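Below: the structure, in structure tokens.
Please treat every number below as a calculation from the coordinates, not as lab data. Note that the coordinates shown come from a computational prediction; the quantities given were computed from them, not determined experimentally. When we count neighbours, we look across all protein chains shown, and the Cβ atoms used for this are built from the backbone with ideal geometry, even at glycine.
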Amino acid sequence: MESILGMPLPVEDPILIFGICMVVILATPLMFERFKLPGLIGPIVAGVVLGSSVLNVLERGQAIELLGNVGLLYIMFLSGLEINMSQFRKNRDRSFVFGVITFTIPQFAGMLIFHYLLGFDWIAAILIASMFASHTLVPYPIISRLGIMKNDAVVTTVGGTILTDTVALLVLVVVARAFEGELTTMFWVSLALAMAIYVAAVLYLLPPLARWFFRNVEDGGKSEFVFVLAVVFIGAYLARAVGTEAILGAFLVGLTLNRLIPERSRLMTRIQFFGEAFIIPFFLIFIGLLVDVSVLFSSLTAWIVMISMLSTNVITKFIAAGVTRRIYNYTPAEGWVMFGLSTCEAAATLAATLVGYELGIIGDDVLNGVVLMIFATCILGPSVVDRFGRQVARQQDDQQYEPRQAPQRILVPLANPSTSEALVNIAALLRDNKSEETIYPLTVIAEETEAEDTESSVAAAERLLAHAVVHAVELDLPVNPVTRVARNPASGVVEAAMERRISDIVIGWNGTRSAQQRIFGSVIDQTLEQAPQQVWVCRLNHPVNTFQRMVVVLPPVIDHNPGFYEGVRSLKHLAYQLGASLQILVVQDGAEPYRQHFNDVPIDVTAGFMEVANWDDVRSTLKEAAKDQDLIVLMSAREGTVAYERALEHLPQMLADLQLSFLVLYPSEKDAQYFGAAQPLTLGNLLSRERVLLDLTTTSYEETVDALLSTVIDRDDPRHRNVLKALAFDDVGYASEVLPGVIISHARVPKLKGTRLCLGVHRRGMQRADQPIHVVVLLLTPAQGTTQDHLAQLASVAQYFSQGDVREKLMACSTVDQLQGWLEPVI
């Protein structure tokens with residue numbers, strides 16, 4: 001087509017070209033999604049239709065080619081930036097295995113097919129095979145949108161990309177030098193040396209440079225974003241300069257900046273938005289413009305090459321994904337996602353094609369066949385990933401996230417505009433990624449005698465809240481600002497927390513206190529005394545994204561705190577979000593029990609443990625070993641709790657004096673009936689094997705309770721004697737409920753870690769309350785919990801054992817396995 005409405009084609013006006021591209025980026029994804037197709041395909045198809053071989057509206061000019069190449073580099077950068085580095089290190093062997101399989105099978109199959117069946121010489125056959133042995137992560141925006149970037153199979157595939165693209169580009173360099181007769185020893189030495197220097201420079205010089213920049217340049221985030229773009233494209237160029245390709249440089253920069261840009265941060269939000277809404281679609285349009293439809297009707301050889309390459313690509317990549325899936329027991333949906341990610345061709349394929357064409361290794365027919373294969377795989381890959389990625393996302397939701405018994409609602413009291421963003425950032429990092437609950441920024445206004453003073457104070461508070469709300473929205477967080485008028489700030493915080501059933505309070509501290517103030521100051525101290533929720537007291541000297549390690553201090557017997565389990569989960573979640581490792585300092589206790597507590601939380605974070613003899617050693621260790629890139633976290637305890645001691649009051653001021661960034665975590669004083677992600681309590685998981693006694697021969701109620709109680713509390717423990725004595729005499733808080741043939745004894749026990757249930761079967765029966773008893777149930781709950789919780793659990797247990805056939809079923813069981821096989825959820 002030469003003109004439309006009197007306008008010559010192709011369009012040359014840069015403003016109109018840009019406008020047409022914007023309409024394509026806006027409209028085509030919406031159109032394709034209406035037909036249940038991935039929106040990613042829309043710009044590719046539009047590029048074909050608007051290209052020179054169909055409507056001739058757009059041509060592959062310098063501007064579109066520039067934006068297309070930028071979009072390709074951006075995809076590679078994002079895939080490195082969003083990968084889970086802990087999983088990546090853990091999966092490096094899997095990534096290597098998958099990379100080897102997904103490269104060697106297509107490479108050798110392609111060489112044999114194109115040499116023996118299609119008659120190409122060996123140099124051309126090797127080069128053509130490398131074009132589809134590599135792969136490009138074109139469907140990665142779909143992976144990101146579905147939230148499965150950190151899925152094990154996805155991480156393995158992305159990691160395999162490093163190997164496949166590196167080897168494919170090395171094959172390209174070697175083939176080109178071999179064709180020109182320049183494959184010498186000096187070439188290999190210079191290439192290896194240049195690549196080693198480049199990789200070392202990126203890995204060891206970029207992180208401190210980026211960390212310094214993020215700490216010292218604050219302008220609302222604009223300079224941070226531009227800094228990241230500059231680093232990406234300079235790094236990509238330098239990769240090309242040392243003899244590899246720019247895509248590897250962009251990917252390596254993404255991996256290097258991974259730990260410095262948290263998933264829940266304003267900078268990450270801007271990076272993702274810029275790429276997915278603007279830059280990456282230009283790359284997709286560019287792919288479509290490469291396709292010459294006329295070749296389909298004029299060249300049989302192009303058809304043969306395209307069909308041969310496409311079929312070899314699809315079959316061999318499918319085999320590679322299937323083999324890897326079976327080796328590592330991935331689900332079928334994960335196997336399909338691996339196939340969809342690894343079947344797309346673009347970056348290394350285009351590089352090899354253009355170099356081979358310029359050198360004369362391949363001709364026009366192969367060039368057009370490769371472009372058609374790129375188009376076909378860029379349609380196939382996203383379609384497969386979109387369909388099966390949804391299944392992986394559903395499986396991931398089912399496995400990784402279970403709603404808490406109480407919703408996670410975070411309250412952020414604000415008083416200082418300069419710290420509001422840092423506190424909202426901490427709240428965002430603590431928040432579960434799948435949670436739908438709101439973050440509540442709060443300002444408290446002191447009651448004034450004059451209405452006008454109160455009104456002006458409320459107006460000032462609302463301005464402070466507005467700043468925090470805007471920042472939360474930038475982080476894509478649901479936010480509900482709260483303003484309260486109260487007699488003092490602490491009571492306002494506590495009342496707001498009670499009204500909204502808050503689970504976590506994140507509050508800032510300026511690092512100073514007067515002689516009369518006990519720990520932090522009157523407001524925070526009063527809040528800690530009155531609020532039983534999990535409280536985070538924050539003093540941050542640097543942006544949260546610059547921390548590499550979290551040093552956690554655990555005081556003696558802190559694991560007896562009722563909120564300890566949830567505190568551990570929160571700590572590991574925070575470290576995971578920051579991409580930081582954990583170093584745990586265990587004070588005056590053995591490290592092994594705490595290691596088990598942390599290992600029981602199913603969040604993949606590297607953690608090391610060190611036993612510290614006393615608080616003086618803690619101080620000296622922190623003074624000598626803590627660095628600027630460390631975030632110190634003290635898990636403290638409120639006065640009057642079992643883990644409280646005087647030393648905990650002085651440690652925050654010592655950390656402030658050392659100019660260290662730190663958090664003080666006060667675990668919840670509410671009884672937590674879950675560990676890590678919440679799990680419903682059932683008779684099956686409350687009744688461990690050692691707490692089931694099927695053949696009791698005791699002659700009295702007291703002996704029976706003693707036998708059951710000893711499965712939970714050692715007889716040498718004073719609590720054993722106290723509980724046993726109290727149950728025997730039905731003291732207040734210790735009682736027994738008698739049902740036909742069943743007696744349920746229950747008690748609230750100090751320092752107990754979670755609810756415990758014991759079950760005994762007395763086949764001969766014993767007398768109690770003037771009736772024969774065959775089943776004895778002992779319910780123990782932590783004394784730190786509320787009476788209402790204890791009674792609610794007692795009611796559930798009593799309801800279950802009041803069923804008419806329960807006693808007969810228990811009497812019929814001859815083994816513990818048989819008993820546990822039919823127990824049903826009750827709590």
Listed by chain and number, the residues whose amide H is under 5 Å from that of V551, excluding neighbours fewer than 5 places away on the same chain and using placed H, are Q583, L631, I632, V633
Whole-Hz couplings from phi, Karplus 6.51/-1.76/1.60, listed for segment 700-708; x for Gly and Pro: 9, 4, 5, 5, 5, 5, 4, 5, 5
Straight-line reach check, K222, cutoff 14 Å on alpha carbons, 8 or more apart in-chain or any other chain, hits among aspartates and glutamates -> E474
Could you tell me which of P29, M7, L791 has its Cα farthest along the dipole of the chain towards the positive end, charges placed at Cβ (Lys, Arg +1; Asp, Glu -1), taken about the Cα centre? L791
Other-chain or far-sequence residues with amide H under 5 Å of D589's (modelled H): V612
If you take the charge dipole of segment 544-679 about its Cα centre, with +1 on Lys and Arg Cβ and -1 on Asp and Glu Cβ, which of I558, A637, Q583 is farthest toward its positive end? Q583
Using alpha-carbon positions, what is the distance between the centroids of segment 574-606 and segment 88-107, in Å? 30
Per residue of segment 527-541, what does 6.51 cos²θ - 1.76 cosθ + 1.60 with θ = phi - 60° give for ³J(HN,Hα)? Whole Hz please, x for Gly and Pro, Karplus curve as stated. 4, 5, 5, 9, 9, x, 5, 5, 10, 10, 9, 10, 9, 10, 8
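Give me the dipole magnitude in Debye, nearest 20, for the chain about the Cα centre, with unit charges on the beta carbon: positive for Lys and Arg, negative for Asp and Glu.
Working: 61 positive and 82 negative charges, 245 e Å.
Charge dipole of the chain: 1180 debye, to the nearest 20.
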If the label point is 7 Å along Cα→Cβ of A783, which residues in segment 742-775 have backbone nitrogen under 15 Å from it? 747-754
Computed over the chain, Kirkwood Rh from alpha-carbon pairs, angstrom: 30.7
Nearest 10 degrees, 0 to 90: helix 647-657 Cα axis against the chain principal axis: 30
Tell me which lysines have Cα within less than 18 Å of K670's Cα, excluding those fewer than 8 residues away on the same chain? K751, K753
According to the Kirkwood expression over distinct Cα-Cα pairs, how big is the hydrodynamic radius of segment 570-627, in Å? 12.3
Any lysines with Cα under 19 Å of the K90 Cα? List them, leaving off those in the same chain fewer than 8 positions away. K150, K572
Value at 222 nm in deg cm²/dmol, rounded to 500, when DSSP H runs of n ≥ 4 in the chain each add -39,500 (n - 2.57): -18000 deg cm²/dmol
Calc'd 3J(HN,Hα), segment 559-576, phi into Karplus 6.51 cos²θ - 1.76 cosθ + 1.60 (θ = phi - 60°), Hz, glycine/Pro = x, comes to 5, 7, 5, x, x, 4, 4, 5, x, 5, 4, 5, 4, 5, 5, 5, 4, 4
Taking 0.36 nm per intervening residue step and subtracting the Cα-Cα distance, what contour gain separates F213 from L791 on full extension? 202.5 nm
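Decide, for segment 544-679, between rounded, prolate and oblate: order the square roots of the alpha carbon gyration tensor eigenvalues as a ≥ b ≥ c, take rounded if a/c falls under 1.5, and otherwise choose prolate if a/b is larger than b/c, else oblate. Write down the numbers at each step before the final one.
Values: a/c = 1.57, a/b = 1.14, b/c = 1.38.
Oblate is the answer for segment 544-679, as a/c is 1.5 or above yet b/c matches or exceeds a/b.
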Where does helix 14-34 land angle-wise versus the long Cα axis of the chain, in degrees 0 to 90, nearest 10? 50
